[in-house]
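The structure is given below, and queries will be raised subsequently.
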Amino acid sequence: MKKILLGLVCAAALNHMSCTNLAPRSPSLVVMLVVDQMRPDLLTRFDHLYEGGFRWLIDHGISFNDAHHEHSYTVTGPGHAAIAFGQHPGKIGLIGNSYYDRIKKKNVNCVEDPYAKVIGATQGKARSMRQYDTKGLGDWIKEKNPDSKVISLGGKDRTACILGGKDPDLAIYYNKKGKFISSDYYVDELPFWLSDFNEKLDIGSYKDSLWERSLPEKVYLDHARIDHYEGEVDDYDNSVYSPVFPIGVNPQTDPSSVFMDRPWLEREIIKIAKMAIDNESLGRQGAPDLLAIGFSAMDGMAHNYGPFSQEIMDAYIKLDRYLGDLIEHINDGVGLENVVFVLTADHGGLPLPEYVVENGGKGGRINPKHIAEALTWVDEECEEVFGKKLYHRDGGNYFLDMARIKKANIRPEQIYEIIDGYLTKVDGIERMAIKQDILNGRDTSNINQRIKNMLHSENTPDIFPIVAYGYISSYPHGTTHGSPYDYDTNVPVIVAREEFKGRENPSRIATVDIAPTIAKYLGIDIPDYCDGKEFEL
């Protein structure tokens, strides 16, 4: 990054001497960076500590800190879909990381592809976006410019498959067994450079690695809470509960299985991104290319320790350095004047409930025993009063068999009353929602509109729970996301170019606005089916 910063000083001096403001050239490369479970305050709280990639993006970016996912189930799959497709997840049918499919009568992964085969390893699952009848930013770019390349990569399979759109040239993801793979939906074989990378990648060498702080301990005490904090996950050397640095890999644990919960994964993702740029000549062929990168390990670490932990602070300090290395590499090979960057997140996240309560807020953990008891009581009473097989239940989600219910001369409201009566007594369940009431209702509140944007006519349950504000299902340690509340929907959005001067835009935008905005910036017409709209750059 030192070379880039020196160049900025020189460029600033030249601009000061010039009387003409030249419009930036059309970018030949779009780099989309999606950090899993990144809240806006993870950029602002450590702003003065960043010296690498985050520093460059902030200093050369238009920052929107009032950006939101306008759907209610704020998890990885739907969040990435909103970003990459410019559409609300319910509309396209991507209603969760996995969900119950009424037609198939089974739970399916959001990027499940029973017709595809794994490419690049003997282990792992073949994934794609085959099941969805829609297109995203990557597809729009390729339709306008057939010579454009679209490559997406991430730790999670759904991250890589969704970010590239329906038909990217290549989607790369980690198989949790030490290899980065793809499926034959995209390619018949891995490119040589990725095969070489896999050959050299020795996950086993991380067996004796330790995750240690990047900065002096005092800096962490000034910017995060104490290291040993009740509520954090302790998965290393945990004979006595002690969730503290350093963090490593237990002797009996396969390091490939915990790789998704350590900063090391993101370092390898950056290496792959650099190889893709070099070997696929991204940004150097005239037509604009798209490189979409998802940082999936950040989510696992945030789940374990929460956003105010020293661990998450350090993970972001490290990611700042990794991103700095990537941006410098892009500058050397492509030239930053030819690149537009987008930085955002698939969702936010709630701090540890213990931390929320300690700081005067309301929060808690839903006791799994209490919810299990309530679900059992519902099943027993419904069977006793109405008979069997009137619904399929997936966790707390109820899929009613309307034909059976009608034949039994039962009103669906009667079943709802029993469900609502038991489940709303569980601490942390705000209410039970009825899909049809939301679709037909006139409630235009922000929360209700987010729920509506998540609904799919077939696969959304007929009755489903809404968690109470500040409550999570993680028990007894860690934290999570998935609610319709602002702490889960609010994410940062930064659009950066070398020519831009860093500034904050207070406008409220939605993540479905990102894809149409970048499309318009590239001179591509925004499809009529988009839910998002262009925001000003």
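Can you tell me which residue is nearest to G138 (Cα to Cα) among those in region 67-86 that are in a loop (DSSP other than H, G, I, E, B) and touching a helix residue (DSSP H, G or I) at 6+ places or on another chain (Cβ under 6 Å)?
Filtering first and then ranking leaves G86.
To continue, here is another question. Residues that are under 30 Å from L350 (Cα atoms), buried (at least 23 other Cβ atoms within 10 Å of the Cβ) and modelled with pLDDT of 95 or more: does region 496-508 have at least one?
yes
Here is a further query. If you scan region 83-131, which residues turn out to be within 24 Å of S483 (Cα to Cα) and aromatic (F, W, Y)?
F85, Y99, Y100
For P506, which of the numbered conditions (1) closer than 30 Å to R25 by Cβ; (2) in a helix (DSSP H, G or I) fails to hold?
P506 satisfies all of (1) closer than 30 Å to R25 by Cβ; (2) in a helix (DSSP H, G or I) except (2).
Hey, another quick one. Here are the criteria: (1) of a type in the set (D, E, K, R); (2) at pLDDT 95 or above; (3) farther than 27 Å from L350 by Cβ. Tell me which single one R442 does not satisfy.
Against the list (1) of a type in the set (D, E, K, R); (2) at pLDDT 95 or above; (3) farther than 27 Å from L350 by Cβ, R442 comes up short only on (2).
Please find, among L282, L375, L336, L323, the residue that is of a type outside the set (G, A, S) and under 19 Å from the mean Cα position of the chain (by Cα).
L323
Report yes if G361 is in a helix (DSSP H, G or I) and not hydroxyl-bearing (S, T, Y), otherwise no.
In short, no.
Tell me, which helices (runs of 4 or more DSSP H) lie completely within region 250-353 with 2 or more residues that are modelled with pLDDT under 95 and surrounded by 20 or more Cβ atoms within 10 Å (Cβ to Cβ)?
255-258
With in the same structural domain as I272 (by TED's automatic domain parsing), under 20 Å from H477 (Cβ atoms) and in contact with a strand residue (DSSP E or B) (Cβ under 7 Å, 6 or more places away or on another chain) as the only criterion, which of L350, L291, L343, L319 stands out?
Residue meeting the stated conditions: L350.
Of all the residues that make up region 507-537, how many are polar (S, T, N, Q) and without any contact (Cβ under 8 Å) to a residue 24 or more places away in the chain?
Qualifying residue count, region 507-537: 1.
Does at least one position in region 235-243 carry a residue that is buried (at least 16 other Cβ atoms within 10 Å of the Cβ), over 21 Å from N175 (Cβ atoms), in contact with a strand residue (DSSP E or B) (Cβ under 7 Å, 6 or more places away or on another chain) and not polar (S, T, N, Q)?
yes
The values are calculated or read from the model by the stated rules, or taken from the named source; none is laboratory data. Computed from a predicted structure; not experimentally measured. Every residue, glycine as well, gets a Cβ built from its backbone with ideal geometry; the counts of neighbours run over all protein chains shown.
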